[in-house]
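The next block holds one structure in the form of structure tokens; read it before the comments.
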Amino acid sequence: MLEYHDKVVQDVAACTCDRCQRRMTPEDHPDWEEKLSVAFSTGYDSIFGDRNEVEIDLCPQCVKETLGAWLRFSQSDWAAAIERGVTDSDAGRGKPADEVFDRLDAKYSDAARAAAQRLADLGGSQPGIKGAPRKRR
């Protein structure tokens, strides 16, 4: 038997930029995702002093204005995939969305029916799936 204890977890509710004092919250898209928070502990003989805690929070605008000359940019995997998809579509190498969704619907409907049949074979039932066998009473 598992035993549990209460655990308090704190989520960051807001962040204030240390440079411009702009306050950001999770509702501030995309700024919330692009804020920069750095925190580290210094060691012996550090240029920041011995055994200090160093922290900074910057909004995206301040990151760009202060670090922009040194930032390196690359495209994320999902952005590259979207770009390839758009290029393929523009070149006529794609399939119509209706055709793709119909194929996916058939594939997963068949899988759901097969799972429902396995469940029925074990004595259970799965309401809501067309063609699913029902539990016998």
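The values are calculated or read from the model by the stated rules, or taken from the named source; none is laboratory data. Note that this is a predicted model, so its numbers are computed, not measured. Cβ sites come from the backbone with ideal geometry, for glycine too, and all protein chains shown count toward neighbours.
From the residues in segment 1-27 that are modelled with pLDDT of 95 or more and basic (K, R), which one is nearest to E65 (Cα to Cα)?
The selected residue is R19.
Okay, residues lined up against (1) over 27 Å from the mean Cα position of the chain (by Cα); (2) within 30 Å of R22 (Cα to Cα); (3) at pLDDT below 85; (4) not polar (S, T, N, Q):
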| site | (1), (2), (3), (4) |
| --- | --- |
| D50 | yes, no, no, yes |
| D77 | no, no, yes, yes |
| Q117 | yes, no, yes, no |
| D121 | yes, no, yes, yes |
| G124 | yes, no, yes, yes |
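I need the full set of residues from segment 41-91 which are in contact with an Asp or Glu (Cβ under 8 Å, 6 or more places away or on another chain), assigned to a loop (DSSP other than H, G, I, E, B) and not polar (S, T, N, Q), in order please.
G43, Y44, C59
Checking C20 against (1) part of a helix (DSSP H, G or I); (2) surrounded by 10 or more Cβ atoms within 10 Å (Cβ to Cβ); (3) out of contact with any Leu (no Cβ under 6 Å at 6 or more places or on another chain), which test does it fail?
For C20, the exception is condition (1).
State which residue is farthest from W32 (Cα to Cα) when the search covers only segment 92-113 and only residues that are among the basic types (K, R) and assigned to a helix (DSSP H, G or I).
Taking the candidates together, the pick is R113.
Could you give every pair whose Cβ atoms fall below 6 Å, whose first residue belongs to segment 25-52 and is touching a residue at least 12 places away in the same chain (Cβ under 8 Å) and surrounded by 10 or more Cβ atoms within 10 Å (Cβ to Cβ), and whose second residue is aromatic (F, W, Y) and part of a loop (DSSP other than H, G, I, E, B), counting only separations of at least 6 or pairs across chains?
T42/F48
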